[in-house]
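All of the numbers you see were taken from the coordinates with simple rules; none came from a lab. Just so we're clear, the structure is a prediction, and the values are computed from it rather than from any experiment. Backbone-built Cβ (ideal geometry, glycine too); neighbour counts: all protein chains shown.
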């Protein structure tokens, strides 16, 4: 069963409502935290949302990816394993009238990353990745960030950012292979850890 619980904060879909499944199995990123995230991504030296190729892992309702699309992202690829969450995501995409700029995949994140790694092309590399596994599933964070910093780093553009939402008291590592943490922002019980992809020729100097 679906209910109205969120809204798009900025951009072309601004103020449109988003559906969220009732219950606790899906925990959408709050409006306030999404606003904080977008402020960081848009207001630095480079606007990292506009024309970005976005990968939204553990996408849930699709709130973060849809927010990015609303603010000018070129494409968003949603990966979500839950059938119920994917149904909600699809309903939200329909509400926003998204088209070919959206790709949806219903499968486990690790399996998708491993499959995509063998099919990547330079033109399809992602410039922005967001991941928000269930907070209690620590192994999902470790596995996914290690993949993105390792074998699956071929999916990332040279200056890509990876942002992980997690429980504030459950700190993530400062480094996962080629991913180097830039900053952590805390808000209530949640935190956002921002990582940048380090070019291979800069790995030794960054250690």
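Once you have a ≥ b ≥ c as the square roots of the Cα gyration tensor eigenvalues for the range 2-206, tell me rounded if a/c is under 1.5, and otherwise prolate or oblate according to whether a/b is larger than b/c. Rounded, because the longest to shortest axis ratio a/c is under 1.5. Could you work out which residue, out of 120, 130, 13, moves most in a Gaussian network model of the chain, that is, has the largest mean-square fluctuation with Cα springs under 10 Å? Greatest mean-square fluctuation among the candidates belongs to 120.
Could you work out how far helix 31-42 tilts from the main Cα principal axis of the chain, as a 0 to 90 degree angle to the nearest 10? Helix 31-42 sits roughly 40 degrees off the main axis of the chain. Mean-square fluctuations from a GNM of the chain, with a 10 angstrom spring cutoff on Cα atoms, peak among 163, 102, 76 at 102. With the Cα gyration tensor of the range 51-97 giving a ≥ b ≥ c as the square roots of its eigenvalues, does the rule (a/c under 1.5 for rounded; else a/b larger than b/c for prolate; else oblate) give rounded, prolate or oblate? Taking the square roots of the gyration eigenvalues as a ≥ b ≥ c, the range 51-97 is oblate. Structure remark: mean-square fluctuation, Gaussian network model of the chain, C-alpha springs under 10 Å; the largest value among 138, 53, 34 belongs to 138.
An oblate overall shape is assigned to the range 94-155, the ratio a/c of its alpha-carbon gyration tensor axes (a ≥ b ≥ c) being 1.5 or greater and a/b not exceeding b/c. Counting every other Cβ atom within 10 Å of each residue's Cβ, 82, 158 order from fewest to most as 158, 82. For the chain, the longest principal axis of the alpha carbon atoms and the long axis of helix 83-96 meet at an angle near 70°. This ranking places 61, 75 by how few other beta-carbon atoms lie within 10 Å of each, fewest first, which gives 75, 61. Of the beta bridges in the chain, as assigned by DSSP with both residues counted there, near 55 percent are antiparallel.
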